[in-house]
1. So, of the residues in region 74-94 that are in a helix (DSSP H, G or I), of a type outside the set (A, V, I, L, M) and surrounded by 11 or more Cβ atoms within 10 Å (Cβ to Cβ), which turns out to be nearest to the chain's Cα centre (by Cα)?
2. Give the residues of region 52-73 that are in a loop (DSSP other than H, G, I, E, B) and surrounded by 10 or more Cβ atoms within 10 Å (Cβ to Cβ), sorted by residue number.
3. Going through region 49-73 one residue at a time, which ones are touching a Pro at 6+ places or on another chain (Cβ under 6 Å) and within 18 Å of M101 (Cβ to Cβ)?
4. Where residues in region 16-61 are small (G, A, S) and over 26 Å from R93 (Cβ atoms), which of them is modelled with the highest pLDDT?
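The values are calculated or read from the model by the stated rules, or taken from the named source; none is laboratory data. These numbers were taken from a predicted model, which means no experiment stands behind them. So basically every Cβ, Gly included, is an ideal-geometry build from the backbone, and we count neighbours across all protein chains shown.
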Amino acid sequence: MPKHYLTNPKYTNRVALLTGFFQTSSSSSVMEHEKNLRNRYEVLSKEKLDRMSKLKHLVNIDRELSTRLKVTPLEVSSESVPSSSQLDLFKARIEERKQEMV
């Protein structure tokens with residue numbers, strides 16, 4: 001792994017999470033570790049689907065409000081999964097646009 005990933009604050013938490021996640025203790029078996037990985041995958045997959053669904057809903061609302069207000073809708077990538085804070089910012093922006101309609 002390149003050294004800049006270890007020192008860059010943007011990646012430090014991710015590296016720490018992955019390092020801790022992939023280390024196995026001597027007491028756990030490979031099968032237990034695989035089971036834990038599969039469970040983690042399921043949780044993350046559900047979270048991804050949930051966030052993408054919320055994003056799609058928010059984009060539709062934003063598009064409708066933008067049409068009514070005759071402004072450009074926000075540009076949002078549909079390829080990457082938004083973080084919870086990004087969804088919150090998008091919701092706040094939609095609330096601002098709803099207030100403009102009043």
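1. Per the stated criteria, the residue is Q86.
2. V71, P73
3. D62, R63, S66
4. S45
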